[in-house]
Amino acid sequence: MDYQRRFVEAIERLKREQRYRSFANLERDAARFPLALWRPAGEEDAPREITVWCSNDYLGMGGHPEVIEASVAAARAHGAGAGGTRNISGTHHPIVTLERELADLHRKEAALVFTSGWISNLAGISTIASLLPDCLILSDALNHNSMIEGVRRSGCEKKIWRHNDVAHLEELLAAEPVERAKLIVFESLYSMDGDFAPVAEIVALAKRYGAMTYIDEVHAVGMYGPRGGGVAERDGQMDEIDVIEGTLAKGFGGLGGYIAGSAALIDAVRSYAPQFIFTSTLPPSVAAAASTAVRLLKASSAERERHQTMARMVKHALRAAGLPVHDNPSHIVPVIVGDAAKCRAASDLLLNRHGIYIQPINYPTVAKGTERLRITPTPRHNEAQVAALVEALVDVWRTLDLPFQEATIVPLRRPGAEAAQCVYPEMKKAAE
């Protein structure tokens, strides 16, 4: 067996299918985010300043002075590492504090922190379902890979319901005995298309047919709701959801994942999930930073309001320029390319020619033929950067002969301002 040849062929196959992923060598600048330094290959001594437009640090909390100071202070006080798994010596005061903050955020009895959102879904779904006799998992068709892996790991029967189709979900629920254990798993906000789940309708069906609910709020915690509790909080459904899963790595700008629920459920996952039992915990510095970010966003809506304003502004400017923005009601801004090779080329052109960093989103993250650039505005972007982004995208679309759509100019209302026809009217001309 020529082992190395197998690996080379596997990589070559990805490259032929335009699915090979490459990464830019970036240096984040906490004080100047979304600006960063890019070090292209062969130019280690000559970094270029670029603007990041695809960060999942949605609110820029990773660079918040109080969050940074909390991390530094905890590292000085407790050291760089956690000391081990939670069961050995890794249960430290900052992680206990963080779990209390998260339980309070979601108005649940308890919370449990994991090393990532991917792991919290894998552990949460698989452990909860496996502890329920003859459990049936009903999973939305567009659930994240981590949820899919959690369903697989559980070993339970599963049924897939069409994305956000509550009629189909009810059809599947109605076909089962009411006494059978059932777990409905879904996301509150789907990050590739930016659409919201009909949370209240799903909760109502779960109650009617005796099912538990498990919601992934990864792309919504910190971002929605009066205290940043997510879409379920915004929609008044947080108390009705059995399990809320979230991340510390997006709206809160840190690292880690968690689940929140009843004390008994959290204790059961803590006691049975191998992903928790056998993994070292987050270091005190990471936990302290996350706790600070959660507390800040519970008390302040300014970041959320500015973020929504910037998201609306970017969508408005892109549409005015005739760029194919996928319509949705959230902060996610997908610009559809529809071809894997051109999507990669568009990303490269933006970085090399315009100093703008947006990673291409290709299969299997999205379906073939729906490849896209996923833009994520933050409160720390400004109008000049929006103008530069749209100008760059128009140039890339022309260079690659990508199709424009009919430019749309609709009133953009901002708090405290009169309606305007277009923030950047010159960009409509650029697309013509």
Compute the accessible area per residue over segment 211-255, keeping the other protein chains in place, probe 1.4 Å, unit Å².
23
Based on alpha-carbon positions alone, could you give the equivalent ellipsoid semi-axes of segment 75-155 from the gyration tensor, as √(5λ), descending, whole Å?
29, 15, 13
With r as the distance between the Cβ atoms of residue 208 and residue 387 and R0 = 45 Å, compute the FRET efficiency 1/(1 + (r/R0)^6) and round to 0.05.
0.35
Please give me, ordered by residue number, the trypsin sites (Lys or Arg not before Pro) of segment 235-328 that lie in loop per DSSP and have at most 16 other Cβ atoms within 10 Å.
none
Rounded to the nearest whole number, the Stokes-Einstein translational diffusion coefficient of segment 1-73 at 25 °C and 0.890 mPa s (Kirkwood radius, C-alpha pairs) in µm²/s is 159
Eight or more residues apart or on different chains, and alpha-carbon atoms under 22 Å: count the Lys pairs in the chain matching that.
17
Unit charges at the beta carbon, dipole of the chain: most positive-side option, 206, 268, 403:
403
Calculate the FRET efficiency for residue 267 and residue 16 from the Cβ-Cβ distance with a Förster distance of 56 Å, rounded to the nearest 0.05.
0.70
Theoretical gain in end-to-end length, residue 23 to residue 4 [0.36 nm per residue, Cα-Cα removed]:
4.6 nm
With Cα atoms, 0 to 90° folded angle of helix 383-399 axis to the chain main axis
70
Near the amide H of residue 356, under 5 Å away, which other amide H atoms are found, from residues 5 or more places off or on another chain, if H is placed in the peptide plane?
51, 351
Once Lys and Arg are counted +1 and Asp and Glu -1 for all other residues with Cβ under 11 Å from that of residue 259, the total becomes -3
How much length, in nm to one decimal, is gained on full extension between residue 341 and residue 367, taken as 0.36 nm per residue of separation minus their Cα-Cα distance?
7.9 nm
How long are the semi-axes of the ellipsoid equivalent to segment 158-258, from square roots of 5 times the Cα gyration tensor eigenvalues, in whole Å, largest first?
25, 13, 12
Could you size up the charge dipole of the chain around its Cα centre, putting +1 on the beta carbon of Lys and Arg and -1 on that of Asp and Glu, and report it in debye to the nearest 20?
460
How big is segment 267-372 in terms of Cα radius of gyration and Dmax, in angstroms?
19.8, 54
Got a sec to turn the phi values of segment 140-155 into Karplus ³J(HN,Hα) couplings, 6.51 cos²θ - 1.76 cosθ + 1.60 with θ = phi - 60°, whole Hz, x for Gly and Pro?
4, 5, 10, 4, 5, 3, 5, 6, 4, 5, x, 4, 4, 5, 5, x
Using a 1.4 Å probe over the heavy atoms of the protein chains, calculate the carbon and sulfur portion of the accessible area of the chain as a whole percent.
53
Of 285, 150, 314, whose Cα points farthest to the positive end of the dipole of the chain (charges on the beta-carbon: +1 Lys, Arg; -1 Asp, Glu; origin at the Cα centre)?
285
Where Rh denotes the Kirkwood radius from the mean inverse Cα pair distance, what is Rg over Rh for segment 111-226?
0.94
Nearest-0.05 FRET efficiency for residue 401 and residue 162 at R0 = 35 Å, using Cβ-Cβ distance, is 0.50
Which one, 25, 160, 126, is farthest towards the positive end of the dipole of the chain when Lys and Arg carry +1 and Asp and Glu -1 on their Cβ?
25
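The values are calculated or read from the model by the stated rules, or taken from the named source; none is laboratory data. Source: prediction; values computed, not measured. Don't worry about glycine lacking a Cβ; one is built from the backbone with ideal geometry, like all the others, and counts go over all protein chains shown. Heads up: the accessible areas ignore ligands, DNA and RNA and are worked out on the full protein's heavy atoms, side chains in. Shrake-Rupley method; radii C 1.70, N 1.55, O 1.52, S 1.80 Å.
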